[in-house]
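Asks: Here it is: the structure, laid out below.
The values are calculated or read from the model by the stated rules, or taken from the named source; none is laboratory data. Just so you know, these numbers come straight off a predicted model, no measurement behind them. With ideal geometry, Cβ positions are generated from the backbone for all residues, glycine too; neighbour counts draw on all protein chains shown.
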Amino acid sequence: MGNLVIKGGTLVTPRRVGRGTVYIEDGKIVRLAKAPATEVFEARGLLVLPGAIDAHVHFALPVAGTRSADDFHSGSLAAACGGVTTFIDFTLGHPEVSLPEALEKRLSEAKVSTVDYSFHVEMIGWTPDRVREISEVKDLGVRSFKFYLAYSESGRRTDLRTLKAAMEAIREIGGVAMVHAECDELVDPKKGPFPWARPAISEEVAIAE
């Protein structure tokens, strides 16, 4: 790699927003100042800022008999074009599939990505083995886990007793629990548009619980 200067753009940093120059050496930002470089990129009229992280995407997701619009390649290209340099997707949880197995499958699928990525591990179904699997997932580099308090019709719902046990295991590895908080009994897709099918009170009740 050579040296690169990005000049003339509007820099966005934790301290200020203003015109400036970025000096990059061997792929790393070395300083925000002018310096000799083998390559110069003119960024006048553009924002220059750190790559964004999109922590909730669904690439190559099986849904309603089809798949989501983007796979890991096309979705990551779109992300890069929008300034997103890291995304976090989800594993496809299943009661009969171990957490490490589900994660390794998605990690393999994501190898075609053009940007950095990680995953939230869906917790679908609970057995005593899940405690060990949570630790194994940590060893694979992931500490974020996703739970659903709704979607009982698809078998994804986690009851509160299970949620408590899982969160205690996640706490032991210094992990993070993400909870889709909707009261299952108050969600009814047959009632029509979202305000009726998924009323605000369903979230309020789930959070209170």
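Asks: List pairs: first in region 193-209 and outside the structural domain of H180 (by TED's automatic domain parsing), second part of a helix (DSSP H, G or I) and hydroxyl-bearing (S, T, Y), Cβ under 6 Å, 6+ apart or cross-chain?
Replies: Close Cβ pairs (under 6 Å, with a partner that is part of a helix (DSSP H, G or I) and hydroxyl-bearing (S, T, Y)) do not exist here.
Asks: Right, something else. Can you run down the residue pairs with Cβ atoms below 8 Å, 6 or more apart or on separate chains, where the first is in region 152-165 and touching a residue at least 12 places away in the same chain (Cβ under 8 Å) and closer than 11 Å to I124 by Cα and the partner is surrounded by fewer than 12 Cβ atoms within 10 Å (Cβ to Cβ) and of a type outside the set (D, E)?
Replies: Pairs that qualify, where the first residue is touching a residue at least 12 places away in the same chain (Cβ under 8 Å) and closer than 11 Å to I124 by Cα and the partner is surrounded by fewer than 12 Cβ atoms within 10 Å (Cβ to Cβ) and of a type outside the set (D, E), are G155/P95.
Asks: Kindly evaluate I170 against the criterion of being hydrophobic (A, V, I, L, M, F, W, C), touching a residue at least 12 places away in the same chain (Cβ under 8 Å) and surrounded by fewer than 17 Cβ atoms within 10 Å (Cβ to Cβ).
Replies: Judged against the criteria, I170 is not a match.
Asks: Given the criteria assigned by TED's automatic domain parsing to the domain that holds T86 and over 17 Å from the mean Cα position of the chain (by Cα), does E109 qualify?
Replies: Judged against the criteria, E109 is not a match.
Asks: Is it true that G75 is farther than 21 Å from Y151 by Cβ and exposed (fewer than 15 other Cβ atoms within 10 Å of the Cβ)?
Replies: No; evaluated as a whole, the condition is false for this residue.
Asks: Six or more apart or on different chains, Cβ atoms under 7 Å: show the pairs whose first residue is in region 50-61 and of a type in the set (A, V, I, L, M) and whose second is part of a loop (DSSP other than H, G, I, E, B).
Replies: Matching pairs, first to second residue: A52/G83; A60/S68; A60/D71; L61/S68.
Asks: Any idea which of F87, F59 is surrounded by 14 or more Cβ atoms within 10 Å (Cβ to Cβ), touching a helix residue (DSSP H, G or I) at 6+ places or on another chain (Cβ under 6 Å) and either assigned to a strand (DSSP E or B) or of a type in the set (V, I, T) (or both)?
Replies: Of F87, F59, the one residue that is surrounded by 14 or more Cβ atoms within 10 Å (Cβ to Cβ), touching a helix residue (DSSP H, G or I) at 6+ places or on another chain (Cβ under 6 Å) and either assigned to a strand (DSSP E or B) or of a type in the set (V, I, T) (or both) is F87.
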